[in-house]
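Here the structure comes first, spelled out in structure tokens, and everything after it is commentary.
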Amino acid sequence: MAEKFIIENDCLTIGGIPISRLAQQIGQTPFFAYSRELIDRQVNLLRTHTPEKISIHYAIKANPFVPVIHHLSRLVEGFDVASANEMALALNSGVSPEDISFAGPGKTVEELQRAVAAQVLLNVESVTELHRIKAIAAEYGIAARVSLRINPDYNLNSSGMKMGGGPRQFGMDVSCVQEAMMVIRDNSEQLHFEGFQIFPGSQNLRADFLIEAQSKALDLVIELAKIAPGPVRRFNLGGGFGVPYFQGDKELDVASVGEAMHVLVAKAEQYLPEAEIILELGRFLVAPGGIYVAKIIDRKVSHGVTYLVADGGMNHHLAASGNIGQLIRRNYPAVIGNKVQGQQREVANVVGPLCTPLDILLNQGDVAVAEPGDYIVIFQSGAYGLTASPNGFLSQKSAAEVLV
Ligand SMILES: *Cc1c(COP(=O)(O)O)cnc(C)c1O
């Protein structure tokens, strides 16, 4: 992973700044640093390969750091949000409510009220939710914009986190769509139908699975469009583009997926001529551009095993500790940031400061020999980092965040 970054005097840089100087500038460790340039690179990679007609939406939950959202607001066509607070972040970035969609299986009435008032698109997750939206729209005297989130009968086979196929808390089963359509038809003053969302899974590195899922999603939407109360104006075909985290993971072949999307768009133009086709991505856009940096505060040997104790760990970066989404714990890519190669190397365990054996950043990692004062850097940390971690655990200080 270090190859994506410039190394100066054996020190990793991000945004042109050596991480040791960045630590001084921020005034504390641990911190997350995100690179504009590396985020741009991911967006450009997508633009190079996907049809011009595809809209890219950023799923804010991957990284809600405000400067990241604002940076992306100039690069993508819209945002997907999963809470009213994320909706507020999206609206504050200046993106039009027209291009904000709100998904999530547990939207509260208060959140639905705010969303209806803001006129963002609601990705409806159940027929009962549809009724709640209708009631709010009637009370407010405006039409709510709705799109049906469908739980398809298939899923993304190799997806790390399955979110469709079989029983799910997300979206509505295909068998419920007819009823939802009737509710929309019967309440056309309150419910403005715009289309469908299908999100079958996350963190997929297999181009063939993604291509198959997208093609199935299109076929399903073409079928459902036949019973829809109006033309499909938005077809959100999910995302699920993964990034490599572990040894042996290969980069997603974006060129292949993009090539298939040209075929997909041609077919969609024929059957869904009014539809904007939306690809919603979180981690793919932001994970590679982020690093987590903690300072090593102790070095000790226990029964022949070297431990480097850092000033942050799972409390800021649960995913890297292996305690979320991993069945077998594997190391995120990592280096000693100020000694990328180092004079000498060793095998060491890098742990965080918490009083729990779960707080591991690196298990038997091959790293430069490090001392207190050196920095451990975890790559692929721009998504599902700080806000996906138990910040309050053991009441340690929070990590800082910067966009450089
Ligand atoms: C989480 C989520 C995303 C983003 O997933 P990534 O793996 O980060 O790309 C997109 N859409 C929906 C509906 C989600 O729940």
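Considering (1) out of contact with any helix residue (DSSP H, G or I) (no Cβ under 8 Å at 6 or more places or on another chain); (2) not in a strand (DSSP E or B), say which one VAL95 fails and leave the rest.
Against the list (1) out of contact with any helix residue (DSSP H, G or I) (no Cβ under 8 Å at 6 or more places or on another chain); (2) not in a strand (DSSP E or B), VAL95 comes up short only on (1).
Among the candidates LEU72, LEU91, single out the residue that is surrounded by fewer than 19 Cβ atoms within 10 Å (Cβ to Cβ) and either under 23 Å from ILE291 (Cα atoms) or hydrophobic (A, V, I, L, M, F, W, C) (or both).
Sole residue among the options that is surrounded by fewer than 19 Cβ atoms within 10 Å (Cβ to Cβ) and either under 23 Å from ILE291 (Cα atoms) or hydrophobic (A, V, I, L, M, F, W, C) (or both): LEU91.
Hey, could you check region 262-290 for residues that are in a helix (DSSP H, G or I) and within 16 Å of the ligand (Cβ to nearest atom) and say which is nearest to the chain's Cα centre (by Cα)?
Among them, the one singled out is ARG283.
What number goes with the only condition from (1) within 16 Å of the ligand (Cβ to nearest atom); (2) among the aliphatic types (A, V, I, L, M); (3) in a loop (DSSP other than H, G, I, E, B) that ALA228 does not pass?
(1) is the only condition that ALA228 fails.
Within region 371-392, restricting attention to residues that are outside any loop (DSSP other than H, G, I, E, B) and closer than 14 Å to ASN315 by Cβ, which residue is farthest from the ligand (Cβ to nearest atom)?
Out of the qualifying residues, it is ILE378.
Can you find, within region 80-100, the residue that is farthest from the ligand (Cβ to nearest atom) among those that are of a type in the set (Val, Ile, Thr) and under 19 Å from GLN113 (Cβ atoms)?
ILE100
Can you tell me which of (1) among the charged types (D, E, K, R); (2) surrounded by fewer than 18 Cβ atoms within 10 Å (Cβ to Cβ); (3) without any contact (Cβ under 8 Å) to a residue 40 or more places away in the chain is the one GLU77 doesn't meet?
It is condition (3) that GLU77 fails.
When you scan region 328-370 for strands (runs of 3 or more DSSP E) that lie fully inside it, which ones turn up with 1 or more residues that are surrounded by fewer than 15 Cβ atoms within 10 Å (Cβ to Cβ) and either in contact (Cβ under 8 Å) with a residue 60 or more places away in the chain or assigned by TED's automatic domain parsing to the domain that holds VAL293 (or both)?
Of the strands (runs of 3 or more DSSP E) lying wholly inside region 328-370, those with at least 1 residues that are surrounded by fewer than 15 Cβ atoms within 10 Å (Cβ to Cβ) and either in contact (Cβ under 8 Å) with a residue 60 or more places away in the chain or assigned by TED's automatic domain parsing to the domain that holds VAL293 (or both) span 345-351, 360-368.
Report yes if ILE150 is within 16 Å of the ligand (Cβ to nearest atom) and hydrophobic (A, V, I, L, M, F, W, C), otherwise no.
In short, yes.
Kindly provide the set of residues from region 46-76 that are within 14 Å of the ligand (Cβ to nearest atom), in contact with a strand residue (DSSP E or B) (Cβ under 6 Å, 6 or more places away or on another chain) and over 16 Å from ILE278 (Cα atoms), ordered by number.
Residue satisfying the conditions is VAL68 alone.
The values are calculated or read from the model by the stated rules, or taken from the named source; none is laboratory data. No experiment lies behind these values; they were computed from the predicted model shown. Don't worry about glycine lacking a Cβ; one is built from the backbone with ideal geometry, like all the others, and counts go over all protein chains shown.
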